[in-house]
Amino acid sequence: MKRSLLAVSAAALIAMALPVVATATHKPGHKPGGGGVDLKITAKPTTIVFGSATVISGRLTGPNHTGRTVTLRADGYPFNVGDKAVATTRTSSNGSYSFTQRPDRNTNYQATLGAVRTERVRVNVRFRLSFAASDYTPRVGQLVRFKGKACPASNGAIVSIQRKSSTGRFRTVRRTTLKDAATCSKYGRSLRIRKDGTYRVTTDDAARARGYSSARFLNAH
């Protein structure tokens, strides 16, 4: 019994003397191995209409944060099939940086500085839609042609023609598809107008957020 107690006590003393080993995890924005380096990223706005710009910006903190080269990487839809470097810049005296981008589809952005990588930020791109009617003061029961363009091109995507209801909500009354029109796509559909109404068109696809045209009022008589 005494020998057993001595063996247990010796094992406990050895365990107390061993160093404690901790596991470490590395988060985006922090350089593996420490060093106090931190790189942040943000996008404003996070949703744009095609052709408009968003600003991707952030700040590098830690030692030696001035004049460092930051690379912006973009991963457009479909995601996770390979991002690419799209721009570089140098940090200012306080470590800040910025890029102006005009993506043509929903895109994830990430800033890198050597082994340091930020988290990813998503910028969604809405279709730019135009909408015109062949007659804004039609006779009751007259056929009116609705037409316009959606940019960028997305031939085959569904366009919904919507009418504003008495509750103020837009409801789909007709559908058509986008057809080729060079860098954009076009649509056209005739609708019989039986009373006054406010109309708009809307569309989206897998690569872009839903876009909306301006609303147009048709005064039937």
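Structure notes:
- Count of residues meeting criterion [in a strand (DSSP E or B) and closer than 15 Å to ILE158 by Cβ] in region 210-220: 3
- Residue in region 196-208 that is in a strand (DSSP E or B), aliphatic (A, V, I, L, M) and either free of Cβ contacts under 8 Å to residues at least 60 places away in the same chain or assigned by TED's automatic domain parsing to the domain that holds ALA53 (or both) present: no
- Test: residue in region 120-135 that is among the β-branched types (Val, Ile, Thr), more than 30 Å from GLY197 (Cα to Cα) and without any contact (Cβ under 8 Å) to a residue 60 or more places away in the chain: no
- In summary, THR46 fulfils each of the numbered conditions (1) modelled with pLDDT of 90 or more; (2) over 15 Å from the mean Cα position of the chain (by Cα) with the single exception of condition (2).
- Residues of region 171-188 satisfying the condition of being buried (at least 17 other Cβ atoms within 10 Å of the Cβ) and touching a residue at least 40 places away in the same chain (Cβ under 8 Å): TYR187
- Candidates THR172, THR183, THR137, THR167, filtered to the one that is over 18 Å from ARG105 (Cβ atoms), outside the structural domain of PRO103 (by TED's automatic domain parsing), under 30 Å from the mean Cα position of the chain (by Cα) and among the β-branched types (Val, Ile, Thr): THR172
- Identity of the residue in region 49-73, buried (at least 19 other Cβ atoms within 10 Å of the Cβ) and under 12 Å from the mean Cα position of the chain (by Cα), that ends up nearest to TYR212 (Cα to Cα): PHE50
- Residue selected from region 74-106 under the condition in a loop (DSSP other than H, G, I, E, B) and over 20 Å from the mean Cα position of the chain (by Cα), by the criterion surrounded by the fewest Cβ atoms within 10 Å (Cβ to Cβ): SER93
Residue-by-condition table, conditions (1) among the hydrophobic types (A, V, I, L, M, F, W, C); (2) at pLDDT below 95; (3) touching a Pro at 6+ places or on another chain (Cβ under 6 Å):
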| position | (1), (2), (3) |
| --- | --- |
| ALA15 | yes, yes, no |
| LEU18 | yes, yes, no |
| GLY29 | no, yes, no |
| GLY58 | no, no, no |
| ALA87 | yes, no, no |
| GLY95 | no, no, no |
| PHE99 | yes, no, no |
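The values are calculated or read from the model by the stated rules, or taken from the named source; none is laboratory data. What you see is a predicted model, and the numbers here were worked out from it, not measured in a lab. Cβ: placed from backbone, ideal geometry, glycine included. Neighbour counts: every protein chain shown.
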